[in-house]
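Novice: Let me begin by handing over the structure; questions about it come next.
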Amino acid sequence: MSHEDVLNPKHMPHDPEKATLEGKNKFLGFWFFLGGETVLFASLFGTYLALNGSTQGENTPEHLFGLELVFIMTMLLLTSSLTSVYAMYHMKNHNFGKMQTWLAITVFLGLAFLGCEIYEFYHYIHEYGFTFRSSAFGSAFYTLVGFHGGHVLFGLSWITALLLRNRKRGLNLYNAPKYYIASLYWHFIDVVWVFIFTVVYLMGKVG
Amino acid sequence: MSTATAQKRGLGAAIWDYLTTVDHKKIAHLYLVAGGLFFLIGGLEAMLIRIQLMKPDNNFISAGLYNEMITMHGTTMIFLAAMPLIFALMNAVVPLQIGARDVAFPFLNSLGFWLFLFGGLMLNVSWFTGGAPDAGWTNYAPLSTSSPGHGVDYYVMGLQISGAGTLIGGINFLVTIVNMRAPGMTYMRMPLFTWSTFVTSTLILFAFPALTVGLFLMMFDRMFGSAFFDVGLGGNVIIWEHLFWIFGHPEVYILILPLFGAFSDIFSNFSKKRLFGYSAMVFATVLIGFLGFMVWAHHMFTVGMGPIANSIFAVATMAIAVPTGIKIFNWLFTMWGGQIKMTAAMLWSIAFIPSFTIGGMTGVMLAAAAADYQYHDTYFVVGHFHYVIVGGVVFGLFAALHYWWPKMFGKVLNEKLGKLAFWPFFIGFHLTFFIQHFLGLMGMPRRYWVFLEGQGLDAGNLISTIGAFLMAIGTVIFLINVVYTSVKEKKVSGDPWNGRTLEWSIPSPPPHYNFVQTPLVRGLDPLWVEKMDGKEGMTPAEPLGDIHMPNASILPFTISLGLFIAGFGFIYQVDDTVWLIAVFAGMGITLGSMLIRSLKDDLGHHIHKEELEEDIKKGVGR
């Protein structure tokens, strides 16, 4: 396949993300990468579960967490996953403009989530004096939730870079795989959050 | 750019070529040289350990330096010598064995190498900046969290960086093997080395992230005041042990499986028979890989997990002996009735079988949890794991290097010198480590700086040290052989061993696109199938046409360099916050390079049909 066919394809296939060998490799390689990421988060969850009782008698999960804010954050992130699905739907229909719009909405929702998380951390530190260093539970909490937050930040930067880089040239067989795996990444972040919501916040409040 | 044109443009251009290369064959050279150097450093550390233990109450090196030696010997040999040398083989051979022109992610392949190298350099810089890591290669907390100085910080940052490179390499080979196989190369026609690379890469993918997390926790505890392993604040030191061994046990299979694959190819080739029990071999490889994740806690029998956990992990561990036994018998049956040719590669392979079997047997002994209370942390364990790692991995590396050297460099390593290197190493190996089992049973603990006189340990330790010198002599002869071969030996054809698999169907060293035309695979041992049909070389699966190849790039180097700089920043910001500048500068270089990679289109280039026809006329392509 010549460069011209990749950058300006005369005919867009139904799965533009897997039309080239590079695209197929990216697609499969990224799934493998997410497999590794799963082990990474599993290790962090394991550590958290081992240490979530080590609060040194103060700032316990029940005492700290407020489910209202966490509910809003969950809604924001779940909705952002939905909007990224819409974006991929439009990619498969070769509607570049709508894809960009839905991804921009995804970024916006992700930013709102991140804002809430920063507020949450700020709140714990300033209202309760609950920090990364105050107990083993503190270390485990900020590390697990912070790793997820770091992933959100990286995902937002990545999708934003894609949106800006390609805004003038439309969809082609070179950038379609990039969009696709960025959206895979975003779904993964969302799935991890579902587990954080359950294991950290729900179990912390009721468990 | 081919090597020939690079050489014409002088040394500077050649260095630039290697800094930016994305060609799997050149990356194999880089891994080989870097891994070889670290192997020598690790070997030197081993010699110092053995000299210190040569006689009772010796004070050849100080106690502190001794701790640094054992830590760095283990860490260097596992992460910086064995793994990169294995990656050298994988890079040199796997794409050729499956009929591919390159790996799936050439850019990431290069990134993996540079991350490993900078991680390895980082670890070794510690020798010059106030002391190397000294908490053992397992780096258990709280010994590691309370170790003074920055040694352990170097361990954490160095392994974090090189571990990222390994993970990337693993994903690359997985996708290469799934997506890049030539037409007709079905899974059950893949050579065993490719199969074992596939399984190994899966292990890397699922094992390394656990180490990543363990290292992050250690980093946070040591550099940012968190309390994961600080019992005073509710921390739990056993978490490190679990994370380390969830990674660490699969790691030993990551080390041995590729060489199991290499041995399979070597036995089959030099016995002139197809591998006995091919499908059983594949099955055993996959089963070992799977069980490898179920046994990590057998390193922790004495921690106090309780009898039920100990029993489960003991039984699971013993179960691994079954697929391994299947392999041993299949190798023996491959040789049975074959036309065996006793090359140096074959010598190392045959020596591997009894050596590794002894290591496997002591492994089953150690797996008996109740008995392990006696063996734990004694020289019995040291003897055991050196039998499997040296008797398996190092013998395997020597065998595989002899076997694939002509494919990598176009010359067969001198056979006489090859065999001359083998004997002192082989005898020295058994001399060094066999006696250590008994030293351990007599109660000599591992990691001790000195032992006392008159406890029956003197003779054993002296014998062990003599053996170590013999191994060093064998290694030196091998190095002499490398130099001798490159100067004196003649170029050979692409198929010096009358090979069976695809890599032997193309010239040595191969052109940078490997295959002029992608070959059509018609069975297991595809080249042999064609030879038996009276054909010369493979049948092409496609007409001669333009070949698409990836572009070279300096970005993998700069990404890794950035992390290297940031690593120092992280280590020293504890003393002085000025070092945060290094953190930001380093991360800026890394993230900036990643951003350039993301924004700048890189579509690769084409080698045109006309150039290929020229190459064929010159005899390069066939």
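Novice: Which angle between 0 and 90 degrees, to the nearest 10, do you get for helix B:238-271 versus the longest principal axis of chain B when only C-alpha atoms count?
Specialist: Around 40 degrees separate the two axes.
Novice: Please list, in chain and number order, the residues 5+ apart from B:THR378 or on another chain whose amide H is under 5 Å from its amide H, with Hs placed from the backbone.
Specialist: B:ARG446
Novice: Regarding segment B:472-586, what whole-number volume in Å³ per residue does the convex hull of its Cα atoms give?
Specialist: Hull volume over Cα atoms, normalised by residue count, gives 237 Å³.
Novice: Consider all pairwise Cα distances in segment B:147-288 and report the whole-number % of them above 27 Å.
Specialist: 37 percent
Novice: GluC sites (Glu not before Pro) within segment A:3-96: which are DSSP loop residues with at most 14 other Cβ atoms inside 10 Å?
Specialist: Within segment A:3-96, the qualifying GluC sites (Glu not before Pro) (loop, at most 14 other Cβ atoms within 10 Å) are A:GLU58.
Novice: So what J values fall out for segment B:387-397 if you push phi through Karplus, 6.51 cos²θ - 1.76 cosθ + 1.60 with θ = phi - 60°, rounded to Hz, Gly and Pro as x?
Specialist: Calculated HN-Hα couplings, in order: 5, 7, 7, 6, x, x, 6, 5, 4, x, 4 Hz.
Novice: Before rounding to the nearest 500, sum -39500 (n - 2.57) across all DSSP H runs of length at least 4 in chain B and divide by the residue total; then give [θ] at 222 nm in deg cm²/dmol.
Specialist: -22000 deg cm²/dmol
Novice: Under the rule of at least 5 residues apart or a separate chain, name every residue whose amide H is placed under 5 Å from the amide H of B:HIS605.
Specialist: B:MET549, B:ASN551
Novice: Let me ask another. Within 10 Å, count the other beta carbons around each residue, average over each peptide in B:349-355, B:107-113, and list them highest first.
Specialist: Per-residue Cβ counts within 10 Å, averaged per peptide and sorted highest first, yield B:107-113, B:349-355.
Novice: Using the eigenvalues of the Cα gyration tensor, what equivalent ellipsoid semi-axes result for segment B:217-295 when each is taken as the square root of five times the eigenvalue, whole Å, largest first? Mind dumping the intermediate values first?
Specialist: Working: eigenvalues 374, 30, 7 Å².
Semi-axes (√(5λ), whole Å): 43, 12, 6.
Novice: Once the convex hull of the C-alpha atoms of segment A:59-140 is built, how many Å³ does it hold per residue, rounded to a whole number?
Specialist: Taking the convex hull of the Cα positions in segment A:59-140, it is 90 Å³ per residue.
Novice: May I have the pair-distance distribution P(r) for the protein assembly as shown, computed from all Cα-Cα distances with 10 Å bins from 0 and rounded to whole percent?
Specialist: In order of increasing distance, the bins hold 2, 12, 22, 25, 20, 13, 5, 1, 0 percent.
Novice: On a 0 to 90° scale, report how tilted helix B:278-291 is relative to the longest principal axis of chain B, with both axes built from alpha carbons and the result rounded to the nearest 10.
Specialist: Tilt relative to chain B: about 30 degrees.
Novice: May I pose another question? In deg cm²/dmol and to the nearest 500, what is the mean residue ellipticity at 222 nm of chain A if only DSSP H runs of at least 4 residues count, each as -39500 (n - 2.57), divided by the residue total?
Specialist: Details: 8 runs with 154 residues, N = 207.
Result for chain A, helices only: -25500 deg cm²/dmol.
Novice: Through the Karplus equation 6.51 cos²θ - 1.76 cosθ + 1.60, θ set to phi - 60°, convert the phi angles of segment B:307-316 into ³J(HN,Hα) values in whole Hz; use x for Gly and Pro.
Specialist: x, 5, 4, 4, 5, 4, 5, 5, 5, 4
Novice: Within a 10 angstrom radius of the beta carbon, how do A:TYR122, A:TYR128 rank from fewest other beta carbons to most? Mind dumping the intermediate values first?
Specialist: Details: A:TYR122 10, A:TYR128 13.
In increasing order of surrounding Cβ atoms, one gets A:TYR122, A:TYR128.
Novice: Please list the equivalent ellipsoid semi-axes of segment A:1-89, computed as the square roots of five times the alpha-carbon gyration tensor eigenvalues, in descending order and whole angstrom. Walk me through the numbers on the way to the answer.
Specialist: On the way: eigenvalues 380, 73, 11 Å².
Those come to 44, 19, 7 Å.
Novice: Taking just the alpha carbons, could you work out the radius of gyration and Dmax for chain B, both in angstroms?
Specialist: Taking only Cα atoms of chain B, I get Rg and Dmax of 24.4, 78 Å.
Novice: Could you run the Karplus curve 6.51 cos²θ - 1.76 cosθ + 1.60 with θ = phi - 60° over segment B:72-86 and give me ³J(HN,Hα) per residue in whole Hz, x for Gly and Pro?
Specialist: Once θ is set to phi - 60°, the couplings for segment B:72-86 become 6, 4, x, 4, 5, 4, 6, 8, 10, 10, 4, 4, x, 5, 5 Hz.
Novice: What relative contact order, as a whole-number percentage, does segment A:38-111 give when Cα pairs under 8 Å and 6 or more residues apart are counted? Before the final figure, lay out the partial values.
Specialist: Working: 34 pairs, mean separation 19.0, N = 74.
Rounded, it is 26 percent for segment A:38-111.
Novice: Using Cα pairs under 8 angstrom and six or more residues apart, how large is the relative contact order of chain B, in percent?
Specialist: 16 percent
Novice: Across 5 Å bins from 0, what is the distribution of all Cα-Cα pair distances for segment A:16-206, in whole percents?
Specialist: Percent of pairs per bin, in order: 1, 8, 15, 18, 17, 13, 10, 7, 5, 3, 1, 0.
Novice: Express the relative contact order of segment A:16-206 as a whole percentage, based on alpha carbon pairs under 8 Å and six or more residues apart in sequence.
Specialist: Values: 181 pairs, mean separation 70.4, N = 191.
Computed value for segment A:16-206: 37 percent relative contact order.
Novice: Can you tell me the order of B:595-607, A:80-92, B:148-160 when each peptide is scored by its average per-residue count of other Cβ atoms within 10 angstrom, highest first?
Specialist: The most tightly packed comes first, giving B:148-160, A:80-92, B:595-607.
Novice: Could I ask something else about it? Taking GluC sites (Glu not before Pro) as exposed when DSSP calls them loop (any state but H, G, I, E, B) and at most 14 other Cβ atoms lie within 10 Å, what is the longest stretch of chain B free of them, the sites themselves excluded?
Specialist: So the longest stretch without any such site is B:1-452.
None of the figures in this text is laboratory data; all of them are computed from the coordinates on show. All figures in this text were calculated on a predicted structure; none of them were measured in a lab. All Cβ positions, even for glycine, are placed from backbone atoms using ideal geometry, and neighbour counts span all protein chains on display.
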